[in-house]
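The values are calculated or read from the model by the stated rules, or taken from the named source; none is laboratory data. All of these numbers come straight from a predicted model, not from anything done at the bench. Neighbour counts are summed over all protein chains in view; Cβ atoms, including those assigned to glycine, are modelled from backbone coordinates with ideal geometry.
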Amino acid sequence: MSETGVLEKRVREETPDNTLHLLREIHHQVKNNLQVVCSLLRIQARSLATSESKAIFRRSEERIQSMALVYDMLYRGALLEGVPVEPYLSELAKTLVHGATGAGGALKRIECAIEPFFVSAKVATHLGLLVNEALSHRLRQSSASEESTVVSVNLYRRDAMVVFEVQDNGPDIEHSVGVSDVERQILEALVRQLEGSIHYPAAEGFVMQVTLPEQALGLG
């Protein structure tokens, strides 16, 4: 049995007073395991010859980091209610923007408007990956522009649905072809798993809107 499995078994057997402490141990262990995977990807990427290959590894690392942040937040906050969506997605978005700006190119500023509520670690991981795919793609796409870019990440509840939006004031780019084949497949798979739909409304710059039923997020 793995170390995490042993901890989960102890949680089931422990008294309520010790449950929180053991859950924090589990969250810490999961986060550490994911960080090890990221380190291995980083080491492997150093041996690659082309920038395209290195970019693929970097994108994989970003996806894993978004999952690790879920368990880091659970560990730091000692939360039994679940993952707080607002600080989690805000921190993730700001980290991605900071990384894109640090890599060179035009200045990018992030504006987050995220309604506060809690979700399970599983749902938070899905939401984090959604933000990662949509935002990382758009940041790379706008990096070639010399203009500064304001990127907005919005998430709110409306009529038994949760609406997630990524938009910016960058150059007008064809929305339907803005996402690569791999990114499109990942986005569509994540949205399908949450029983939602994805749209690219006509607008200046880039707008992506994902609509998810509250029930699929455990909110209904």
- Considering only residues of region 89-119 that are surrounded by 14 or more Cβ atoms within 10 Å (Cβ to Cβ) and part of a loop (DSSP other than H, G, I, E, B), which is modelled with the lowest pLDDT? 105
- Query: residue 207 passes all but one of (1) aliphatic (A, V, I, L, M); (2) more than 17 Å from the chain's Cα centre (by Cα); (3) closer than 29 Å to residue 72 by Cα; (4) modelled with pLDDT under 90; which number fails?
  - Reply: (3)
- Subset of region 27-57, residues basic (Lys, Arg), surrounded by fewer than 17 Cβ atoms within 10 Å (Cβ to Cβ) and in contact (Cβ under 8 Å) with a residue 12 or more places away in the chain, comes to 42
- Select, from 143, 180, 148, the only residue that is in contact with a Gly (Cβ under 7 Å, 6 or more places away or on another chain), at pLDDT below 85 and outside the structural domain of residue 68 (by TED's automatic domain parsing). 143
- Query: Which one of these is at pLDDT 80 or above, within 19 Å of the chain's Cα centre (by Cα) and assigned by TED's automatic domain parsing to the domain that holds residue 164: 61, 86?
  - Reply: 86
